[in-house]
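The values are calculated or read from the model by the stated rules, or taken from the named source; none is laboratory data. Every value quoted in this text rests on a predicted model; they were computed, and no experiment measured them. Glycine also receives a Cβ, built like all others from the backbone with ideal geometry; neighbour counts cover every protein chain displayed.
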Amino acid sequence: MKKLLIILSFSLLMAQDIATYYKIDIEAIKISLNFSKKKLNCLKNDCPLKELYNIDEQRQKKIEKLYAKYNTTPSKQIGFYTNHKKEAIKYYEHNETLQKLYQNLQEERELINNQIKTLMENKNETSN
């Protein structure tokens, strides 16, 4: 009975750790998306290149704060996923809400990045 409780406790702890892994990942993606939106807005308003670099710098600092809040780093996140890949995939496959969230974030990221790419190409063409 004691062994069963230990196994169940470990399983619950692992699920919480995996949930935290996804929570951090989603928060990082959302931060990046928010700064990509700022970058897009900046480009639409023909801002100077220095301002674009400033936005990237702010994004990096915000993401570093996120990792610090959870007492982790990007490499620790990758390491956690690598060490618990099977469990993480299983968690993802059994969580339809999580799948939809990632899908929506990916679609939004692609849309914004394509707009940024187009504006950057246009900016480069007009500066040549």
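Structure notes:
- Yes/no for Lys61 being farther than 21 Å from Glu121 by Cβ and at pLDDT below 95: no
- On the stretch given as the stretch 63-98, residues that are within 15 Å of the chain's Cα centre (by Cα), farther than 14 Å from Tyr21 by Cα and not acidic (Asp, Glu) total 2.
- Among the residues of the stretch 34-69, those identified as of a type in the set (Asp, Glu), under 23 Å from Leu111 (Cβ atoms) and in a helix (DSSP H, G or I) are Glu51, Asp56.
- Meets criteria (out of contact with any strand residue (DSSP E or B) (no Cβ under 6 Å at 6 or more places or on another chain), surrounded by 13 or more Cβ atoms within 10 Å (Cβ to Cβ) and touching a residue at least 40 places away in the same chain (Cβ under 8 Å)) for Lys123: yes
- Yes/no for Ser9 being small (Gly, Ala, Ser), within 27 Å of Lys90 (Cα to Cα), part of a helix (DSSP H, G or I) and modelled with pLDDT of 95 or more: no
- Among the residues examined, Tyr92 does not qualify as modelled with pLDDT under 95 and in a helix (DSSP H, G or I).
- Residue that is farthest from the chain's Cα centre (by Cα) [pool: residues in the stretch 26-41 that are surrounded by 15 or more Cβ atoms within 10 Å (Cβ to Cβ) and without any contact (Cβ under 8 Å) to a residue 60 or more places away in the chain]: Lys38
- Criterion violated by Lys44 - all others in (1) surrounded by 12 or more Cβ atoms within 10 Å (Cβ to Cβ); (2) within 22 Å of Asn113 (Cβ to Cβ) satisfied: (1)
- Matching residues, the stretch 70-82, being in contact (Cβ under 8 Å) with a residue 24 or more places away in the chain, of a type in the set (S, T, N, Q) and outside any helix (DSSP H, G or I): Thr72
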